[in-house]
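**Q** I'd like to ask you about the structure that follows.
The values are calculated or read from the model by the stated rules, or taken from the named source; none is laboratory data. Because the structure is a prediction, the values reported are computed rather than measured. No Cβ is skipped: glycine too gets one built from the backbone with ideal geometry, and neighbour counts run over all protein chains shown. The area values use the complete protein model at the heavy-atom level, side chains included, leaving out ligands, DNA and RNA. Shrake-Rupley method; radii C 1.70, N 1.55, O 1.52, S 1.80 Å.
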Amino acid sequence: MKPQQKVSVCCCLGLLVVALAAALKEKEKEQVLWSKSWLDLADKDAADSASSALPTQTQTQPPLNLMVPLTLIDSAASKGAVCLDGTLPGYHLHPGYGSGANSWLIQLEGGGWCNSIRNCVYRKTTRRGSSKFMEKQLPFTGILSNKAEENPDFFNWNRVKLRYCDGASFSGDSQNEAAQLHFRGQRIWLAAMEELMSKGMQKADQALLSGCSAGGLASILHCDEFQDLFPETTRVKCLSDAGMFLDAIDVSGGHTLKNLYAGVVSLQEVEKNLPKTCIDHLDPTSVQASLAPPSADPRGLWGACKSNHALCNSSQIQFFQDFRNQMLNAVRDFSVSTKNGLFINSCFAHCQSERQDTWFADDSPVLGNRAIALSVGDWYFDRLPVKAIDCAYPCDNTCHNLMFKRRVE
């Protein structure tokens, strides 16, 4: 984003999983950006976390977490605002009340990208490309929770989860008739905002646009558009959780995933919808990189490290530290503004705002004795300046580090 941006932005990042790709078999490379991609692991992990939070239940015991039904946007079809397969887009809305009745939180779902006709065709057979396969209800946890003890600042707001089914961070606008693919992420964004404004968001006195991973990138790309929906008297801010992707050199010395994202930009005609103030001086493909994708590690030397941070050797740890320094350099200008916030912990984690255990719980990760939820609230309400940057990995013993099962061939 531009240094003089209109809207206050907070970046919440776990340094390592922003950088790392989960291990994939070589034959899965063509599908690296769909639901098994490293960017989608956040959503799977959030769902697993929500499931693990549930007690052992009998059929008569109600679920512990709030379950919110899916609403399809009926007006979207006439606008061409459809998922990859042409079905209607959707969202989950839980109404606010009391002091939060006129406050709105929009969470943009993440889940990777598709950068070729082949993997976009596959994607439209999943919930990432068709509302036919979306869950009919979702648990609202973390930043979407309706409990004050789990979500102290936003529990009684109008909270929305906008489903992701376009494959380009809500930013493409093209189609491929031969493959019957609709790349209409930008139109979905506009149709969803129009729908929510009609449901009361136009009266908002406070609004927060958030998102994780591919959704976190979308919250950056659409931040100024979101602010433009409201009068100047409305407090509007944007939160990007694990949505900043550096153009860093991977373990083979290349830029593997930058090339993949270039396919997204080209295929879905993303460039015309990117913030002009950014593409005036940046390559429109320069938003994505990963340190250890499978194609950069054909011998699998990073497999163990990617599956379990405790198995990384000293040279791999040093590689992380170099990446950490690149990230801190990249956010230096951004951090100068008093309006902007940072919460960067040195954790092997992804999408920490969506998981209850990392957002706000008794043993949640902390920086300066402040959990992520409290730090985001401090920044949003201007209670305290938030420029929280962790010590070098692996110093933080409050992390909830992710571990993945390794495939043995």
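**Q** Report ³J(HN,Hα) in whole Hz for each residue of segment 322-336, in order, from the Karplus equation J = 6.51 cos²θ - 1.76 cosθ + 1.60 where θ = phi - 60°; Gly and Pro get x.
**A** The phi angles translate into 5, 5, 4, 5, 4, 5, 5, 5, 5, 9, 4, 5, 4, 6, 5 Hz.
**Q** Continuing with this model, one more query. From largest accessible area down, sort ASP396, ASP74; use a 1.4 Å probe on the protein chains.
**A** I get ASP74, ASP396, largest accessible area first.
**Q** What are the semi-axes of the equivalent ellipsoid of segment 117-193, taken as the square roots of 5 times the eigenvalues of the Cα gyration tensor, listed largest first and rounded to whole Å?
**A** In descending order, the three semi-axes are 31, 14, 9 Å.
**Q** Scaled to the compact-protein estimate 2.2 N^0.38 Å, what is the alpha-carbon radius of gyration of segment 184-224, rounded to two decimal places?
**A** 1.21
**Q** Continuing with the same structure: Let me know the shape class of segment 175-249, please: from the alpha-carbon gyration tensor, a ≥ b ≥ c as square roots of the eigenvalues, rounded when a/c is under 1.5, otherwise prolate if a/b is greater than b/c, or oblate.
**A** Because a/c hits 1.5 or more and a/b fails to exceed b/c, segment 175-249 counts as oblate.
**Q** Using +1 at the C-beta of Lys and Arg and -1 at the C-beta of Asp and Glu, which of PHE343, TRP379, PHE319 has the Cα lying farthest in the positive direction of the dipole of segment 299-408?
**A** In segment 299-408, that residue is PHE319.
**Q** So how exposed is CYS395, as accessible area in Å² (1.4 Å probe, rounded to 10)?
**A** 60 Å²
**Q** Further question on the same structure: For segment 299-408, what is the accessible area per residue in Å² when the probe is 1.4 Å?
**A** 48 Å²
**Q** Follow-up. Note down the relative contact order for segment 65-245 as a percent, whole number, built from C-alpha pairs under 8 angstrom at least six residues apart.
**A** In percent, rounded to a whole number, it is 28.
**Q** Then there is this: Normalized C-alpha radius of gyration of segment 299-408, against 2.2 N^0.38 Å?
**A** Ratio of Cα Rg to 2.2 N^0.38 Å: 1.18.
**Q** For segment 65-172, what does the alpha-carbon gyration tensor say about shape, rounded, prolate or oblate, given a ≥ b ≥ c as the root eigenvalues, a/c under 1.5 as rounded, and a/b over b/c as prolate?
**A** Taking the square roots of the gyration eigenvalues as a ≥ b ≥ c, segment 65-172 is prolate.
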